[in-house]
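Report on one structure; see the data block that follows.
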Amino acid sequence: MTRRDVWSRRLSEQSPSPTGRAQPSRSDGCPDVSIVLPTFNEKDNIVPLIEELRSRFRAAGHRYEILVIDDQSPDGTGSAVASAFADDPGVRVTVRRKNPGLAYSIREGIERSTGAIVLVMDSDFNHKPADAVLLFQVAQYVDLVIGSRFIVGGGMSSLLRYYLSYFYNIFLRATLGTRLDDNLSGLFAIKRERMFELDFDKIFWGYGDYFFRLLLLSQRAGFLHVEVPVFYGSRLGGESKTRFLGIFARYTREVFYLIALKVLGRW
Ligand SMILES: Nc1nc2c(ncn2[C@@H]2O[C@H](COP(=O)(O)OP(=O)(O)OP(=O)(O)O)[C@@H](O)[C@H]2O)c(=O)[nH]1
Ligand SMILES: [Mg+2]
């Protein structure tokens, strides 16, 4: 049995209805979870992903809302979702017209969310719907749950990317002083009311670098974090938006910028 299975089993044994804790009651009309899915040209992935998320969250008895935040994808991702889920008020699409970008889209999804827990994940099956349910359930007990590739039980289908990210995370921990193993995860679940304690302007810009800023600020605010092992698969269809060299250069610039701000007492 893997460590992830142990987590799942413990949760289902201890709390047959995890949404009963620290959640708005079912009569308040709010969903248990808001799932934020940023998309850019994910037409081949987004419909099957939402279908699987819906069936897993329904089967576990959790009320969901799914917020697709699309940056006017030329492949028609937004309209594919709108027509496939026209009969489900729990699935909503926002097509953004200004300030395109991953981090801005995630911010918009969080701002539009109404659930007690907000869960953010990629829209291409890199992150598994089963892991999303597990992270949501663990988030009943802590403030921020991170899907981690770098703790026992976690991993990635691409070994090259795994090791590049692994060593880069050592650099991030050493320079920024985060206490977590995966500082570049895009899969996390957070208590919504705690998320709104943080200054969004200090977190959400750029690409995956928003995540280490979120970790730093939430660590400073005393959030209780926990990492849960997850295994990233390959994207189902479509093309990657990540340009590795450019992105690592960008992240490194950002790290030194944050260090400089910290030294000057401005962050
Ligand atoms: N709204 C929005 N979403 C974006 C943007 N860039 C990337 N995304 C989404 O962010 C997620 C991560 O992007 P990916 O291209 O999958 O990057 P990756 O996971 O590093 O790379 P692969 O999965 O290997 O292709 C996906 O759901 C993308 O659709 C953007 O500019 N705007
Ligand atoms: Mg991806």
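The values are calculated or read from the model by the stated rules, or taken from the named source; none is laboratory data. Here the structure is a predicted model, which means the values were calculated and not measured. With ideal geometry, Cβ positions are generated from the backbone for all residues, glycine too; neighbour counts draw on all protein chains shown. In case anyone asks, the SASA skips ligands and DNA or RNA and just uses the protein heavy atoms, side chains included. Shrake-Rupley method; radii C 1.70, N 1.55, O 1.52, S 1.80 Å.
How many residues are among the polar types (S, T, N, Q) and open to solvent by less than 20 Å² (accessible area, probe 1.4 Å) if we restrict to the range 52-77?
Going through the range 52-77 one residue at a time, the tally reaches 2.
Could you tell me whether any residue of the range 236-246 is within 27 Å of T114 (Cβ to Cβ), of a type in the set (F, W, Y) and either within 16 Å of ligand 1 (Cβ to nearest atom) or outside any helix (DSSP H, G or I) (or both)?
The answer is no; no qualifying residue exists.
Count, please, the residues in the range 185-202 that happen to be surrounded by fewer than 22 Cβ atoms within 10 Å (Cβ to Cβ), within 16 Å of the chain's Cα centre (by Cα) and part of a loop (DSSP other than H, G, I, E, B).
Residues meeting the conditions: 2.
Sort out which residues of the range 226-241 are open to solvent by 30 Å² or more (accessible area, probe 1.4 Å) and within 13 Å of ligand 2 (Cβ to nearest atom), and write them in order of number.
S234, R235, L236, G238, E239, S240, K241
Which of the residues that make up the range 203-231 are under 25 Å from V133 (Cβ atoms) and either assigned to a helix (DSSP H, G or I) or within 13 Å of the chain's Cα centre (by Cα) (or both)?
Scanning the range 203-231 gives G208, Y210, F211, L214, L215, S218, E227, V228, V230.
With S55, S73, S79 as the choices, which residue is within 16 Å of ligand 2 (Cβ to nearest atom), at pLDDT 95 or above and among the small types (G, A, S)?
Result of the check over S55, S73, S79: S73.
Being of a type in the set (G, A, S) and touching a residue at least 40 places away in the same chain (Cβ under 8 Å) is the filter here, so list the residues in the range 28-70 that pass it.
Scanning the range 28-70 gives S34, A60, G61.
Limited to the range 118-167, what total is found for residues that are within 13 Å of ligand 1 (Cβ to nearest atom), among the hydroxyl-bearing types (S, T, Y) and in contact (Cβ under 8 Å) with a residue 40 or more places away in the chain?
3
Among the candidates G155, G109, single out the residue that is more than 26 Å from F196 (Cα to Cα) and either more than 16 Å from ligand 2 (Cβ to nearest atom) or open to solvent by less than 60 Å² (accessible area, probe 1.4 Å) (or both).
The conditions single out G155.
Out of R92, R97, R107, I need the residue that is assigned to a loop (DSSP other than H, G, I, E, B) and over 21 Å from A130 (Cβ atoms). Which one?
R97
Which of the residues spanning the range 122-147 are within 16 Å of ligand 2 (Cβ to nearest atom), open to solvent by less than 10 Å² (accessible area, probe 1.4 Å) and either closer than 23 Å to A221 by Cα or among the basic types (K, R) (or both)?
The one that is within 16 Å of ligand 2 (Cβ to nearest atom), open to solvent by less than 10 Å² (accessible area, probe 1.4 Å) and either closer than 23 Å to A221 by Cα or among the basic types (K, R) (or both): G147.
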